[in-house]
Structures are given as structure tokens and as C-alpha cells.
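Trainee: Before we start, here is the structure in question, set down as C-alpha cells.
The values are calculated or read from the model by the stated rules, or taken from the named source; none is laboratory data. Remember, predicted model here, so these are calculated numbers, not experimental data. FYI the Cβ positions are ideal-geometry reconstructions off the backbone, even for glycines, and counts take in every protein chain you see.
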Amino acid sequence: MSHTWTNYAINLARMAIAATPMRPLVVSYCVTTYCNLNCVYCEDFGARRNVNQPAPLPLDDARRLLAVIRQGTSSLIVTGGEPLLYPDLPALLAHARRDLRFHHITLLTNAALLRERMDVLPLLDRLMVSVDATTPALWDQTIRAEPGTAQTILDNVIAAAQRQKADGFRMVLNCVVTPETLAQVPAVLELCIQHGMLFSFSPQSANNWPRYELLVSQEYRDFVMAMIAHKRHDAPILGSMAYLRMLWGFDPYACYPMLAPRVMPDGGLAYPCRPIEREGDAHGGRDVNLLAIGDWNKAVQRATDVYGAPPSTCGSCFQQCYIEPSLMQARPWALLSELLIYKASRQGGIATYAPG
């Protein structure tokens, strides 16, 4: 049994006695906050913000940080910013795979630089690429990059998809659904079907709440119902049925943010989650640094001592990276159903439900 499944079982026991915080199913490590695109919906990063970003860790320090993260979980998401901008990414991933023996490694990227960094593919279990449209001219407007960038990304995606079997990884295209790109999303699903990729999506958020135009859109609700129907017919959709139904009505749910904690480039733990840490009030922050403490459990305990137990009843966050693991942790029968019924869910395993 992997560390991730062990943590899942321990969490079930902790839920029975209302103990917190939960043990992580996956940790997202933001190797750099630098980015090479300017996506209109991004609230944290983007090339326009690069001037104020801290330098990423040197390779040796990043390796030490991964060793601390490995104490907490065996599932790792490497993200950014744009992680392909991290110069030592292949060496860091090789260390995570071969030395630290992470059982599941995901890389989240916009793929603009992927053609030059194909050497990372054999080191991954899953490559997740942000693709919001298949019409290059429309998508160029969304990512606000030089004309032709969207076409380059689509070309890189198809080239990488052809290497999945040889390099031993699964590829996922993730859509951020906006009112402007909603009509394009089914075409992204079709692209996944054509090239043997998996598909996921989440609605655009503004201050952690779905954008208002989507909340009141019948077209959006019809789209979600269509995705549910496609999933029932074994389309390669990663979102759990519980997640898709929740997105249809934006129903409240019990959130357990420490199932999928985020670590920032300097080793700071965003406790208990990125949205609360970003607010900078008394409920969370980034005062705890994993490199300085050197022990995952001690770092979490230190954060809990400073900020208190993570809340479980937030009503203002609909970010997929917190919804999916929370729903699947709280509903073990729903997770079992996903893994038994849906091929796409089996291909991702439990780490599917913490996409980051």
C-alpha cells in the first residue's frame, strides 16, 4: 500500500473522531512563481507579475525540500508559475523519482516550452496541461501571449501525447471554463479522445468563488450535464461524478484543505490552503518553512499551534484542488464507485482527485 492510501485510511479514522488536520493525499510544490504567459483568469502569477517574484531555490535546497515533503506523502504535484522555467527541473524530478521514490508525480504546465523539455516526460506519471480552447486565435486572447503561442502549445500537446506509451505517463488536458471559452470546451474533450488523453475542467473563479456569469448561466449548467452524460458513456473525464454534480449546482461541501497542501518556492507551507494563506489574517499564513524545520509533521504541528485547526466548513471556495480530495475523502463509497466503474478514474487512481 502506498503512503497516499495509508494516509487515506488514517484520515477515515480521524474523521470518525473529528480529529484534525488530515494527512495529505498529495502535496503541490510550486517550484517557481515565474510564468511566461499572462492568462486573463490567473489571480496569482503571470509574466506581468514576474518583476516582484522571489528567486526559486537552488537545486540542492529544492532536493532537501522534497525530502521533507516525502515524509508527508508519496504523491507529488510540481507546479508554478510555469515549472518548465525552473532550470534544474529534470534533475529535480529524477531525484524525486529515483532517490525519494515518490509513487506518483504530476507536472502541471502550460506546455509553451514543452518541445524543448521533453526529457522530463519519462520521469512523470502524469502530465497535466492547461488547454482552454482549440481555436488558436481565441486562445491567444486568453493567454495574452505573442500571436501563434496557442498554436505552438497545441502542437506541443499533440507531440507529447504521442509519447505517452513509450515514456510511461498519462496526459491530462485541463480547462478553466470561462464565459468566453465555454463553447470551446467540448472541442478540448474531443481533442483528448482523438489523441488518447484524459480531460478535466473547473470553472473560472474570482476570489475563490465561481465567476458570476457562470453562476447564472443556463448554458453552463447544460454543459455540466453534458459532461456528466459523457462520463456515464466512459468518456475520458477525470472529474468524479460527485464533483461534476457539485459543479452543476455549486452546492456547499465539507472541505479538508490539508489533504492537498501547497508548498511555495522558498519552502513556506501555505497553511491551511492557498486561499486562506493569501488573505493573511489570523486563520492562516506562511510562517512555517519546511526547510527550516526539516520535518513534515513538526511543521504541520507548528502551523496548527500558530493558526489553529483548519476549518472544514468554508463556504466560499470552489477550487478543484480542494473540492475533489475533500469529496472523495468524505465519501469513500463514491471513491470506490469511481475506481470500479470509470476507466479514466482507474488510470489516475486516488491521486486523480487532487489535481492541484
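Trainee: Across segment 82-120, what is the total count of residues that are surrounded by 20 or more Cβ atoms within 10 Å (Cβ to Cβ), without any contact (Cβ under 8 Å) to a residue 60 or more places away in the chain and touching a strand residue (DSSP E or B) at 6+ places or on another chain (Cβ under 7 Å)?
Mentor: Adding up the residues that qualify gives 11.
Conditions (1) polar (S, T, N, Q); (2) part of a helix (DSSP H, G or I), marked per residue:
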| position | (1), (2) |
| --- | --- |
| LEU247 | no, yes |
| ASP281 | no, no |
| ASN297 | yes, yes |
| ARG302 | no, yes |
| THR313 | yes, no |
| CYS317 | no, no |
| ILE323 | no, yes |
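Trainee: Please go through segment 41-63 and give me each residue that is of a type in the set (A, V, I, L, M, F, W, C) and modelled with pLDDT of 80 or more, ordered by number.
Mentor: ALA55, LEU57, LEU59, ALA62, listed by residue number.
Trainee: Next up: When residues of segment 313-330 are filtered for being more than 20 Å from the chain's Cα centre (by Cα) and surrounded by 13 or more Cβ atoms within 10 Å (Cβ to Cβ), how many remain?
Mentor: Counting residues in segment 313-330 that are more than 20 Å from the chain's Cα centre (by Cα) and surrounded by 13 or more Cβ atoms within 10 Å (Cβ to Cβ) gives 0.
Trainee: If ASN156 satisfies all but one of (1) in a loop (DSSP other than H, G, I, E, B); (2) under 23 Å from ARG97 (Cβ atoms), what's the number of the condition it fails?
Mentor: (1)
Trainee: Against the definition (in contact with an Asp or Glu (Cβ under 8 Å, 6 or more places away or on another chain), over 21 Å from LEU189 (Cβ atoms) and of a type outside the set (Gly, Ala, Ser)), how does THR142 come out, yes or no?
Mentor: Taking the combined requirement at face value, the residue does not satisfy it.
Trainee: Another one. For segment 73-82, state whether one or more residues are acidic (Asp, Glu) and either within 29 Å of ALA334 (Cβ to Cβ) or outside any helix (DSSP H, G or I) (or both).
Mentor: The answer is yes; a qualifying residue exists.
Residue-by-condition table, conditions (1) surrounded by fewer than 21 Cβ atoms within 10 Å (Cβ to Cβ); (2) touching a strand residue (DSSP E or B) at 6+ places or on another chain (Cβ under 7 Å); (3) of a type in the set (Val, Ile, Thr):
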position	(1), (2), (3)
PRO236	no, yes, no
TYR243	no, no, no
ASP251	yes, no, no
MET258	no, no, no
ARG262	no, yes, no
ASP287	yes, no, no
LEU291	yes, no, no
ALA299	no, yes, no
